[in-house]
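Novice: Please see the structure below; I have some questions.
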Amino acid sequence: MLVQALLLLAAQAAPVPPGEEAVPPYAQSDANAGARPFAGTAMLDAFHGRAGIARIVDDLVATNLADPRIADIFRGQDLVRLRRVLGEHFCYLLGGGCTYTGRDMRTAHANMGVQAKDMNALVANLQAAMTREGVAFGAQNAFLSRLAPMRRNVVTR
Ligand code: HEM
């Protein structure tokens, strides 16, 4: 109880990065990423380091916004924050040594009404972004497998 209160206090005290909107306070933890990172540097190398990950995240967000199947879900959201924390999320999971400062998957996607077909569209867009970056298919599939269990916390109807 006391620990939770202190964590909440710390979260409240965290400044809002420039260009971003404030979100309701939450406890920051790498555990919010919803999976453990890959060990070693093989995955980071396959994704062309942090620069490659940043390119994939930018491509993915832009592709989602241009995709009539799911654009409405992204429109009007804080895309500055989304790019930053999604970049941290991927970087953390891929063994890039980043800290994940975002919310857990259930909280982040609550009340969004994401359906299975939306999830499938996003996964296809992520595959396309990874392919454009030149990430080998084996590494793509390893990453998608790590994300797959998050589906149950993202898809709410
Ligand atoms: C395994 C699949 C997914 C992963 C790993 C993922 C990851 C993330 C992360 C890390 C955030 C940022 C959390 C934060 O702001 O603290 C986020 C937010 C968001 N995600 Fe996802 N996501 C997934 C699936 C989806 C799907 C299928 C959609 C919709 C089609 C979606 C739409 C969004 C939107 C709109 C936000 C911004 C929420 C806000 O600013 O309040 N996500 N996601």
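Conditions (1) at pLDDT 95 or above; (2) in a helix (DSSP H, G or I); (3) on the phi < 0 side of the Ramachandran plot, marked per residue:
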| site | (1), (2), (3) |
| --- | --- |
| L7 | no, yes, yes |
| P15 | no, no, yes |
| P18 | no, no, yes |
| E21 | yes, no, yes |
| R36 | yes, no, yes |
| A39 | yes, no, yes |
| I56 | yes, yes, yes |
| N64 | yes, yes, yes |
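Novice: Within the stretch 66-112, which residues are in contact with a Phe, Trp or Tyr (Cβ under 6 Å, 6 or more places away or on another chain) and near the ligand (Cβ under 10 Å from one of its atoms)?
Specialist: E88, H89, Y92, Y100, R103
Novice: If you don't mind, another one. Restricting the stretch 117-137 to residues that are more than 13 Å from the ligand (Cβ to nearest atom) and without any contact (Cβ under 8 Å) to a residue 24 or more places away in the chain, which is farthest from P37 (Cα to Cα)?
Specialist: T131
Novice: Are any residues in the stretch 103-157 surrounded by 15 or more Cβ atoms within 10 Å (Cβ to Cβ), in a helix (DSSP H, G or I) and among the β-branched types (V, I, T), and if so, which ones?
Specialist: V154
Novice: Any residue at all in the stretch 80-92 that is outside any helix (DSSP H, G or I) and either under 20 Å from R146 (Cβ atoms) or out of contact with any strand residue (DSSP E or B) (no Cβ under 8 Å at 6 or more places or on another chain) (or both)?
Specialist: no
The values are calculated or read from the model by the stated rules, or taken from the named source; none is laboratory data. From a predicted model like this one, the values you see are computed outputs, not experimental measurements. Cβ coordinates were reconstructed from backbone atoms using ideal geometry, including for glycine residues, and neighbour counts include every protein chain displayed.
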